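Everything on this sheet refers to the single structure shown next.
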Amino acid sequence: MIRVDEKNNVFFLDTENTSYGIAIVEDRYIEHLYYGAKLKDTDVRYLLREDEPPFTPRVNKRETGSFLDCAPMEYPEAGMGDYREGALCVRSEQGYRASELVYEGYETFRGKPQLEGLPATWGNESDCSTLKIICRDRLLNMKVTLLYSVFEGADAVIRSVLIENEGKEPFYIEKVLSACLDMDDRNFEMISLVGSWARERHIQRMPLTYGRHNVASFKGNSSHQEHPFMALVTPETTQNVGEVYAMNFVYSGNFIAQAEKSQFDSVRMTMGLHPEGFTWKLEPGERFTAPEVVMVYSDEGLGKMTRTYHDLYRNHLIRSPYLHKKRPILINNWEATYFDFDEKKLLEIAKEASELGIEMLVMDDGWFGKRSSDDSSLGDWYVNEEKIKGGLHNLVENVGELGMKFGIWVEPEMISPESELFREHPDWAIQIPGRDITQSRAQYMLDLSRDEVADFVYEMIADILKSADISYVKWDMNRQMATLGSAALPADRQGELAHRYILGVYRMQERLINDFPDLLLENCASGGGRFDPGMLYYSPQIWCSDDTDAVERLAIQEGTAMIYPVSSIGAHVSICPNHTVGRNTPFETRGDVALLGTFGYELDITRLSRDEKEQVKEQVKKYHKYNDLIREGDYYRLASAADNMYYDSWMIVEKDKSRALLFYVQVRARANAKSRFLRLAGLDAEKRYVINGKEYDGSLLMQAGVRISSESGDFRSKVIEIVKA
Ligand code: GLA
């Protein structure tokens, strides 16, 4: 709900438990008033400290600079005297860098506008409302619209920005962030997600000291290394208590998320497109839309923040028809064969898999062009019939006869120097004329800022998908950007390439899901290099990491599930010793860990022992029994092996609290250890529950806990069902 108090010149965006307040000062400055637990009053202008030095410019013009550098701003601009991080920096045709946004008016309405060409949360008149604050820089005649939306039943505020050139000359946007939040410091600590290839999204927490602290990517994707997420939390914050201010960016390319503690002990938290290398020329009549940021406030710890994101993304971001469906259990041949396979090998895998209850075969990298290693053929999207004898249609039919669906791997955004496509269109690769193109995994990136390039590649892929009954696509992306240049952009638009590239990817994926509405799409980027809300708008699941080791996955999935619904996490059982870390873990544990996700296999199933095959059957049963609950339920994190070294635990609780699953992984055995009481979460304290045939009070289970015995041996897992009596 949106409340406008015209007398006090304030706006409030209310959700069930939170309020976000904005004030207009001196009829021109748009100041941030409040964000936190729900407020009833709107008469709260004292929060602006308008009567404290340095006063506002009307009262004390000689200190306008001091005012600008300490007032809490909704959308601070660079160049006028606010030396904290600016959200907007615009360069005029004459080369001056400054803008002054003056408030012009507002609009409120039910529903939420679409963001041109961008993924975004969606809703209609019955479930959300929007506030537009309109302001203008008079000199540039630049209209800036700050957009804020709130959804019924979600404690989130969603922000984006629209910039329009209503003047007679072009100007250049050098920086445009999407959200800014100014607050007084409360000894905040900063939480971010960091990692590397095969080690994505580990949770990092540190005190917020003076200065600027950021996580960012200017690698062209949202990246393995840092993540478009940041939370500021009060020091006592745990899963259940403490205040959390979080931001998550609905975007898949370059970003910056930053927290800055100023000389006045205020904190500015910002998020948006990374300005490094970015300049966007806006001609008269043109407009630019910045991607949106989803802000969540919780005063019940990180767990509440997590569940807010999960519900919002399941209800208002992911669009796939598969979102609320059990996904077919798949088997992927990558870790089974790498590039060394033919149709016979795939059929052997499919046959064995189908007998054990697996429902779909996914043919990974290596089926096209002359690709027998990662040295060649990206861009040559036709079937290699030396490998797939009899052709794709035939293979898919044979797999179908086994009662299985068929899925395929593609990497449409790339081009190998060693490919027919590159020989024909060398200018289609992103490059700087006269310089060597930096290679990564022996590949270049296609210039998807050019529609003709994106369309050509899209149509090749679409032809493949039309040539056989293909149910699933794994859309991969295996390198990061460098040597940025586009043969199609003029000199003063080269700074648009990285963003235009991402817009090109979005356009291709939009076409794909429209042209093939029944397709199950899984995004991937060397594992989890582009696991972000932008991609979730197109695909209901994303391959979480190339690291399939059950223990490594605990930390990766914990970080990922801190924001993203469990139903979106691509997770497979693979072989031991694990190909990435060489670790041996019990087959059962690998299955239990992969249940916290889409669930599937990635191994040579023909080589499993009889005992392991029996375990596959059990795991398949477990998946069918519990996936509805895991996919749709509420997620509670109980313990983190990353913190305690010994055990990891989480729960999924049915929305009506009638049933729950407790997952427990003993990561390290401990000598001479007693059993431990693990306090459950999310149950109904007034109800009784049955665990292994014995009844307990919900409150008892949450206050005192269930007893978990200590076992001998590392990496032992348990999945315990809890049912209302
Ligand atoms: C990436 C993916 C893997 C696999 C390979 C194929 O690394 O993350 O799952 O598909 O590419 O080359």
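The values are calculated or read from the model by the stated rules, or taken from the named source; none is laboratory data. From a predicted model like this one, the values you see are computed outputs, not experimental measurements. Reconstructed Cβ throughout: ideal geometry from the backbone, glycine too, with neighbour counts over all protein chains shown. What goes into the accessible areas is simple: the full protein's heavy atoms, side chains included, and nothing from ligands, DNA or RNA. Shrake-Rupley method; radii C 1.70, N 1.55, O 1.52, S 1.80 Å.
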Rounded to the nearest 10 Å², what accessible area does Asp185 have for a 1.4 Å probe in the complete protein model? 30 Å²
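Give the carbon-plus-sulfur fraction of the accessible surface of the chain in %, rounded to a whole number; probe 1.4 Å, heavy atoms of protein chains only. Walk me through the intermediate numbers first.
Values: 12720 of 27230 Å².
Carbon and sulfur: 47 percent of the exposed surface of the chain.
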Starting from the amide H of Cys544, placed 1.01 Å from N in the peptide plane, find each other amide H under 5 Å away whose residue is 5 or more places distant or on another chain. Gly570
Student exercise, region 147-299 dipole from Lys, Arg, Asp, Glu Cβ charges, in Debye to nearest 20: 500 debye
Give, rounded to the nearest 20 debye, the magnitude of the charge dipole that the chain has about its Cα centre when Lys and Arg contribute +1 at Cβ and Asp and Glu contribute -1 at Cβ. 1740 debye
Would you tell me the accessible area of Ser699, worked out with a 1.4 angstrom probe on the heavy atoms of the protein chains, in Å² to the nearest 10? 40 Å²
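FRET efficiency for Ile432 and Asp374, Cβ-Cβ distance as r, R0 = 22 Å, nearest 0.05? Intermediate values should be presented prior to the final figure.
Values: r = 24 Å, r/R0 = 1.09.
So the FRET efficiency works out to roughly 0.40.
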Centre separation in Å (Cα based) which lies between region 129-146 and region 459-524: 32 Å
Can you give me the distance in nm between label points at Glu16 and Arg668, each placed 7 Å from the Cα along the Cα-to-Cβ direction? 4.0 nm
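Past the 18 Å Cα-Cα mark, which pairs from Lys38/Lys657; Lys345/Lys621; Lys38/Lys655; Lys345/Lys387?
Numbers: Lys38/Lys657 26 Å; Lys345/Lys621 26 Å; Lys38/Lys655 24 Å; Lys345/Lys387 10 Å.
Violating the 18 Å Cα-Cα cut-off are Lys38/Lys657; Lys345/Lys621; Lys38/Lys655.
Taking 0.36 nm per intervening residue step and subtracting the Cα-Cα distance, what contour gain separates Glu711 from Arg49 on full extension? Display every interim value, and only then the final one.
Values: separation 662, 0.36 × 662 = 238.32 nm, distance 5.93 nm.
That pair, Glu711 and Arg49, stretches by 232.4 nm at full extension.
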Can you pick out the pairs among Lys344/Lys622; Lys7/Lys304; Lys474/Lys617; Lys625/Lys687; Lys325/Lys724 whose Cα atoms lie more than 28 Å from each other? Lys344/Lys622; Lys7/Lys304
Principal axis extents for region 1-84, Cα atoms only, whole Å, descending order, please. 42, 24, 18
To the nearest 0.05, how large is the calculated FRET efficiency for Ser609 and Arg441 if R₀ is 41 Å and r is the Cβ-Cβ distance? 0.75
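Given R₀ = 45 Å, what would the calculated FRET efficiency be for Asn8 paired with Arg319, taking r from the Cβ atoms and rounding to 0.05? Please list the in-between numbers first.
On the way: r = 39 Å, r/R0 = 0.88.
My answer for the efficiency is 0.70.
Give a quick list of trypsin sites (Lys or Arg not before Pro) in region 70-169 that DSSP marks as loop, anything other than H, G, I, E or B, with at most 13 other Cβ atoms within 10 Å.
Sites meeting the loop and neighbour criteria: Arg138, Lys168.
Any chance you could run the full-extension gain for Glu618 through Val581? It's 0.36 nm times the residue separation minus the Cα-Cα distance, nm to one decimal. It would help to have the intermediate numbers written out before the result.
On the way: separation 37, 0.36 × 37 = 13.32 nm, distance 2.61 nm.
So the chain would gain 10.7 nm between Glu618 and Val581.
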From the square roots a ≥ b ≥ c of the eigenvalues of the alpha-carbon gyration tensor of the chain, which class results: rounded (a/c under 1.5), prolate (a/b over b/c), or oblate? oblate
For the pair Asp628/Arg97, report the inter-label distance in nm, with labels modelled 7 Å from Cα in the Cβ direction. 5.8 nm
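Full extension from Asp41 to Thr108: what is 0.36 nm times the residue separation minus their Cα-Cα distance, to one decimal in nm? Show your work: numbers first, answer last.
On the way: separation 67, 0.36 × 67 = 24.12 nm, distance 1.95 nm.
The span from Asp41 to Thr108 would gain 22.2 nm if fully extended.
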Computed about the Cα centre, the charge dipole of region 78-205 from +1 Lys/Arg and -1 Asp/Glu charges at the Cβ has a magnitude in debye, to the nearest 20, of 280 debye
Choose one of Tyr210, Ile173, Leu193: the residue whose Cα lies farthest towards the positive end of the charge dipole of region 173-226 (beta-carbon charges +1 Lys, Arg; -1 Asp, Glu; about the Cα centre). Leu193
May I ask for the distance between the Cα centers of region 23-77 and region 305-330, given as a whole number of Å? 39 Å
Long-range amide H contacts for Glu418: which residues qualify at under 5 Å (H placed 1.01 Å from N, peptide plane, sequence gap of 5 or more or a different chain)? Ser377
Treat each spin label as a single point 7 Å out from the Cα along the C-beta direction, and report the Asp643 to Asp656 distance in nm. 3.3 nm
Taking θ = phi - 60°, what integer Hz values does the Karplus form 6.51 cos²θ - 1.76 cosθ + 1.60 yield along region 283-291, in sequence order, with x for Gly and Pro? 6, x, x, 8, 9, 10, 10, 8, x
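Hey, can you find the accessible area per residue of the chain for me, probe 1.4 Å, expressed in square angstrom? Spell out each step's value before the answer.
On the way: 27230 Å² over 725 residues.
Accessible surface, normalised per residue, equals 38 Å².
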For Tyr646, the accessible surface traced by a 1.4 Å probe with all protein chains present amounts, in square angstrom to the nearest 10, to 50 Å²
For Lys261, list the aspartates and glutamates whose Cα falls under 16 Å from its own Cα; do not include residues on the same chain fewer than 8 positions away. Asp69, Asp82, Glu85, Asp182, Asp184, Asp185, Glu189
